[in-house]
Amino acid sequence: RSPALDLDSLYGRGPDREPAFYEPDGVRLRLGSTAGVGFPQNDPVANTDQAGFDLPRSGEGSTPAERRASVIPDARNDENLAVAQTHLMFMKFHNAVVAKLVAAGTPSTVLFDRARESVVKHYQWMLRHDFLPRIVDDSIVTDVFANGRRFFELPRPYEVSEDCYRV
């Protein structure tokens, strides 16, 4: 795992090294489908499969759990619905950025790298300008971004994701 807030749990090691997470084009992230449940009876959305509304699933194995295993770089992002749907939202955002870059004529040789860079920058912007100010006094956030950390340095990357958040 990377401590750099670079969405490594979304991208893994990239399409060249982990192609199972990507569409055959090696640019867009592979999405999964929800399965129609047949209830309520008169609900066409609930009763039909919905492409792109779930994480990709393995579909293979001898047990239901094996068949439902997510095919994403960090399987912990499928431990609960809130985190799984946040992960899916970032996957869909990446694919939307790809579509926008394609429409703008971005060369295919740099398409993935530019999309990833854009998504990561949006994610980091959200953390800096929305998330951190909600949980930390704004003067502290401003001071840390202006002056850096002054009180302590962690000896190694430190993760408390089981107790807090993960994306």
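The values are calculated or read from the model by the stated rules, or taken from the named source; none is laboratory data. Please read all numbers here as calculations on a predicted model, not as lab measurements. Every residue, glycine among them, receives a Cβ derived from its backbone with ideal geometry; neighbour counts consider all protein chains shown. To get the accessible areas, we keep the full protein, side chains included, count just its heavy atoms, and leave off ligands, DNA and RNA. Shrake-Rupley method; radii C 1.70, N 1.55, O 1.52, S 1.80 Å.
Here is a check on your reading of the model: is Leu101 hydrophobic (A, V, I, L, M, F, W, C), surrounded by 11 or more Cβ atoms within 10 Å (Cβ to Cβ) and either in a helix (DSSP H, G or I) or at pLDDT below 95 (or both)? Answer is yes for this residue. Pairs are defined by a Cβ separation below 7 Å, a sequence spacing of at least 6 or placement on different chains, a first member in the range 65-78 that is over 14 Å from Arg30 (Cα atoms) and touching a residue at least 24 places away in the same chain (Cβ under 8 Å), and a second member that is of a type in the set (A, V, I, L, M) and open to solvent by less than 60 Å² (accessible area, probe 1.4 Å); the pairs so defined are Asn77/Val83; Asn77/Ala84. The number of residues in the range 137-164 that are within 30 Å of Asp16 (Cβ to Cβ) and either surrounded by 13 or more Cβ atoms within 10 Å (Cβ to Cβ) or modelled with pLDDT of 95 or more (or both) comes to 1. Considering the conditions (1) among the basic types (Lys, Arg); (2) open to solvent by 80 Å² or more (accessible area, probe 1.4 Å); (3) in contact (Cβ under 8 Å) with a residue 12 or more places away in the chain, Arg134 is excluded by exactly one of them, (3).
Residues in the range 19-40 that are within 27 Å of Lys100 (Cα to Cα), touching a residue at least 12 places away in the same chain (Cβ under 8 Å) and open to solvent by less than 40 Å² (accessible area, probe 1.4 Å): Phe21, Gly26, Val27, Leu29, Gly32. Going by the conditions given, is Phe93 open to solvent by 60 Å² or more (accessible area, probe 1.4 Å), in a helix (DSSP H, G or I) and modelled with pLDDT of 95 or more? It is true that Phe93 is open to solvent by 60 Å² or more (accessible area, probe 1.4 Å), in a helix (DSSP H, G or I) and modelled with pLDDT of 95 or more.
For Asp43, the conditions (1) farther than 17 Å from Val120 by Cβ; (2) exposed (fewer than 11 other Cβ atoms within 10 Å of the Cβ) are fulfilled apart from (2).
A single entry from Thr86, Thr109 fulfils the requirement of being part of a helix (DSSP H, G or I) and either touching a residue at least 60 places away in the same chain (Cβ under 8 Å) or surrounded by fewer than 12 Cβ atoms within 10 Å (Cβ to Cβ) (or both): Thr86.
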